[in-house]
Amino acid sequence: MELQMLQMAVKIEKERAQMDHHRGTRTDFGTDSESCRNGEIRMRPPASNPDQKMKLTQVTQDLTTGQLVFKRQEIRSGIFRPSWNQPTMSLEELGEKEVREAIEREARQKESELNAKNTARRYEFLVKDGLEDNADLVDQSAKLDRDWDDWKDENPRGSGNKLGDRGE
């Protein structure tokens with residue numbers, strides 16, 4: 001693979017030398033003895049067109065096929081990429097998404113409110129909502145109130161985590 005790349009580099013260099021020869025410019029900037037004797041001062045070749053954009057080509061080898069891959073377009077597209085993350089959706093798409101989610105949330109909330117009306121709760125809340133005629137809910141609320149009273153009897157106020165009740 002390296003041999004192919006070197007051969008390609010030599011070929012490109014030969015083509016460049018031919019183009020320079022046809023343009024009348026030279027690419028060797030050294031001082032040979034002949035030019036020094038004649039008093040010539042060698043100048044660099046004229047700069048290329050300043051309006052011409054810089055061309056950059058990355059040559060890599062494809063791992064699966066072994067072919068050389070020239071990545072000019074990929075590099076060109078990444079040159080002026082901003083350093084911050086760009087938006088992935090428009091404001092219109094974001095607004096539509098928010099509206100859909102709000103409608104779904106509202107539907108879930110209404111469903112949970114309906115389910116909450118049919119769950120067991122204290123009798124005073126049943127009276128407040130006007131559901132004291134529902135026998136099943138009254139029975140469930142009575143059981144809930146009895147369980148709460150039993151818990152309060154088993155756990156009197158102030159019997160929590162205190163140093164006075166060490167059991168010594």
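When only residues in the stretch 5-16 that are at pLDDT 80 or above and either open to solvent by less than 100 Å² (accessible area, probe 1.4 Å) or in contact with a strand residue (DSSP E or B) (Cβ under 8 Å, 6 or more places away or on another chain) (or both) count, which is farthest from Gly66 (Cα to Cα)?
Glu15
In the stretch 87-127, what residues are of a type in the set (Gly, Ala, Ser) and either closer than 18 Å to Val138 by Cβ or in contact with a strand residue (DSSP E or B) (Cβ under 8 Å, 6 or more places away or on another chain) (or both)? Before the answer, list the steps.
Our first condition is that a residue be of a type in the set (Gly, Ala, Ser); within the stretch 87-127, this holds for 90, 95, 102, 107, 112, 116, 120.
Listed by number, the residues that qualify are Ala116, Ala120.
Taking the residues in the stretch 47-94 that are among the basic types (Lys, Arg) and open to solvent by 100 Å² or more (accessible area, probe 1.4 Å) as candidates, determine which candidate is modelled with the highest pLDDT.
Of all residues in the stretch 47-94, those among the basic types (Lys, Arg) come to 53, 55, 71-72, 76, 81.
Adding the requirement that they be open to solvent by 100 Å² or more (accessible area, probe 1.4 Å) leaves 53, 55, 76, 81.
On the way: Lys53: 59, Lys55: 62, Arg76: 66, Arg81: 77.
It comes out as Arg81.
Within the set of pairs 6 or more residues apart or between chains, which connect a residue that is closer than 12 Å to Phe125 by Cβ inside the stretch 137-154 to a residue that is among the aromatic types (Phe, Trp, Tyr) with Cβ atoms less than 6 Å apart?
Within 6 Å, the pairs are Ser141/Tyr123.
The values are calculated or read from the model by the stated rules, or taken from the named source; none is laboratory data. Quantities reported herein were computed from a predicted structural model and do not represent experimental measurements. Because the Cβ atoms are built from the backbone with ideal geometry, glycine has one as well, and the counts that use them run over all protein chains shown. Accessible surface areas use protein heavy atoms only, side chains included; no ligands, DNA or RNA. Shrake-Rupley method; radii C 1.70, N 1.55, O 1.52, S 1.80 Å.
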